[in-house]
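One structure below.
The values are calculated or read from the model by the stated rules, or taken from the named source; none is laboratory data. Keep in mind the model is a prediction, meaning the values are calculated, not measured. Because the Cβ atoms are built from the backbone with ideal geometry, glycine has one as well, and the counts that use them run over all protein chains shown. Note: areas computed on protein heavy atoms with side chains; ligands, DNA, RNA excluded. Shrake-Rupley method; radii C 1.70, N 1.55, O 1.52, S 1.80 Å.
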Amino acid sequence: MLNYQEIDVPFQYRHCCWFCGEPSNDAVDFPKVNSAYLAHVPLTLPACKECKVLSQSCVTDSIWDLQLEVNHGLMKRYAKHLGIGVNWTQQELEQTCLEGTSFKGFTDSAWMMYEIAKGRVDFSGWSLAINGVPLDIIDESCGFEFAGSRFIDFEAAVAFYQRSESLNKYLLEGLVAILGQSQLAYALRIARLHPSITKRSADSVLSEIAQQQQDTKAMINAEVILTPLTSVTLDDVLPVTIDKQQATAESILWAMHRGIQNLAQLQQCEDAFFEQYEHLGGVVAFQLYHGLQLYLEARSNPNWCESHDPNHQLWPK
Ligand SMILES: [Zn+2]
């Protein structure tokens, strides 16, 4: 039995779980067994029953690893509840309430469940101290951070989004394999557009994305320097519709001002595009992006440019 010492609990957190902020009626002793690597006294942390159980399957020398593991356990368990906040806004849920009263019970409790789960996974404890002396325990845990959440690792983040939003597993995993960690946001955006896709269609989406990636790499290797067309204004540009998708004048101008002239260059600046248009909502922003993609793709054909592009004279020869 180690000589555990109870951590200080600030007044506003009395009776709270250190891991999730819920009412605590139990405690976690850390570490379970003595460790030569421990740089502080063994700790007793107030915890709720659920976090205590989650903590028991984790063997580590680091309190920060333990915190991450417990958080991961909660995220995994409440993925469906957390997904509500990703798929719906409270306003949308309230509108559903007005339209059909039979929904009311579901939507009220659904949002409440989301808020509770979100509050728990976002809670990150309070600073550790014993008898007023702070414990400066260096956080060496290496999680994967994405969209304001911290995951145990990249795979855990992918699994979380797949589960919480019921995304197509085959498609999402394929996208992640092609796009890698740095482009998880892009992979999710594409996966969200195809929640129930056949394997065959998923394969064609994947091969298209793989091709885009290759083009981007080729372009980076060639070190093309983008030359912005700064003199063009919105009055000069006309929208272009291809396959019923419109490349708006604003989005075409956006590309011109950045010197983006082809698909590969657009892909390289994709994050900047979505930052610019994210206030319009994911679906609208994606439609704008897709319209611009089709336009730049069409522009790779010189004959099309000559005969169909109303903006042809604006682009460099
Ligand atoms: Zn807890």
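Working carefully through the options 70, 9, 53, find the one that is among the β-branched types (Val, Ile, Thr), open to solvent by 20 Å² or more (accessible area, probe 1.4 Å) and under 17 Å from residue 117 (Cβ atoms). Working first, answer last.
Values: 70 fails: open to solvent by 20 Å² or more (accessible area, probe 1.4 Å); 9 fails: under 17 Å from residue 117 (Cβ atoms).
Of 70, 9, 53, the one residue that is among the β-branched types (Val, Ile, Thr), open to solvent by 20 Å² or more (accessible area, probe 1.4 Å) and under 17 Å from residue 117 (Cβ atoms) is 53.
Please verify whether region 159-182 includes one or more residues that are surrounded by fewer than 16 Cβ atoms within 10 Å (Cβ to Cβ) and at pLDDT below 85.
No, the conditions are met nowhere in region 159-182.
Which residue pairs have Cβ atoms closer than 8 Å, lie 6 or more positions apart in sequence or on different chains, and pair a first residue in region 1-24 that is free of Cβ contacts under 8 Å to residues at least 24 places away in the same chain and on the phi > 0 side of the Ramachandran plot with a second residue that is part of a strand (DSSP E or B) and within 16 Å of the ligand (Cβ to nearest atom)?
Every condition considered, no pair remains.
Of all residues in region 191-223 being closer than 22 Å to residue 81 by Cα and not charged (D, E, K, R), which is most open to solvent (accessible area, probe 1.4 Å)?
Here is the first cut: in region 191-223, the residues closer than 22 Å to residue 81 by Cα are 191-196.
Subsequent filtering for residues that are not charged (D, E, K, R) retains 191, 193-196.
On the way: 191: 1, 193: 77, 194: 60, 195: 73, 196: 111 Å².
Only one residue tops the list, namely 196.
Taking the conditions exactly as written (in contact (Cβ under 8 Å) with a residue 40 or more places away in the chain and either away from the ligand (no atom under 16 Å from the Cβ) or within 14 Å of the chain's Cα centre (by Cα) (or both)), does residue 200 satisfy them or not?
When the stated conditions are applied, residue 200 does not pass them.
Those residues that are part of a strand (DSSP E or B) and within 11 Å of the ligand (Cβ to nearest atom), I need them from region 1-26; list them, please.
To start, the set of residues in region 1-26 that are part of a strand (DSSP E or B) comprises 5-6, 16, 23, 26.
Answer for region 1-26, where residues must be part of a strand (DSSP E or B) and within 11 Å of the ligand (Cβ to nearest atom): 16, 23, 26.
Quick check: is even one residue across region 41-50 at pLDDT 95 or above, within 16 Å of the ligand (Cβ to nearest atom), within 32 Å of the chain's Cα centre (by Cα) and open to solvent by 30 Å² or more (accessible area, probe 1.4 Å)?
There is at least one residue in region 41-50 that is at pLDDT 95 or above, within 16 Å of the ligand (Cβ to nearest atom), within 32 Å of the chain's Cα centre (by Cα) and open to solvent by 30 Å² or more (accessible area, probe 1.4 Å).
Taking helices (runs of 4 or more DSSP H) that fall entirely within region 136-230, which contain at least 1 residues that are under 30 Å from residue 252 (Cβ atoms)?
Result: 169-179, 184-193, 199-222.
Quick one: how many residues across region 259-276 are surrounded by 19 or more Cβ atoms within 10 Å (Cβ to Cβ) and under 17 Å from residue 237 (Cβ atoms)?
4
What residue, among those in region 27-36 that are surrounded by fewer than 17 Cβ atoms within 10 Å (Cβ to Cβ) and aliphatic (A, V, I, L, M), is nearest to the ligand (Cβ to nearest atom)?
The extreme case among them is 33.
For region 57-66, enumerate the residues that are in a helix (DSSP H, G or I) and more than 13 Å from the ligand (Cβ to nearest atom).
63, 64, 65, listed by residue number.
Could you please let me know if residue 288 is part of a loop (DSSP other than H, G, I, E, B) and more than 20 Å from residue 178 (Cα to Cα)?
No: the conditions fail for residue 288.
Restricting to region 263-282, name every residue that is free of Cβ contacts under 8 Å to residues at least 40 places away in the same chain and in contact with a Leu (Cβ under 8 Å, 6 or more places away or on another chain).
The answer is 266, 273, 277, 280.
Considering only region 32-54, how many residues are of a type outside the set (A, V, I, L, M) and within 25 Å of residue 121 (Cβ to Cβ)?
8
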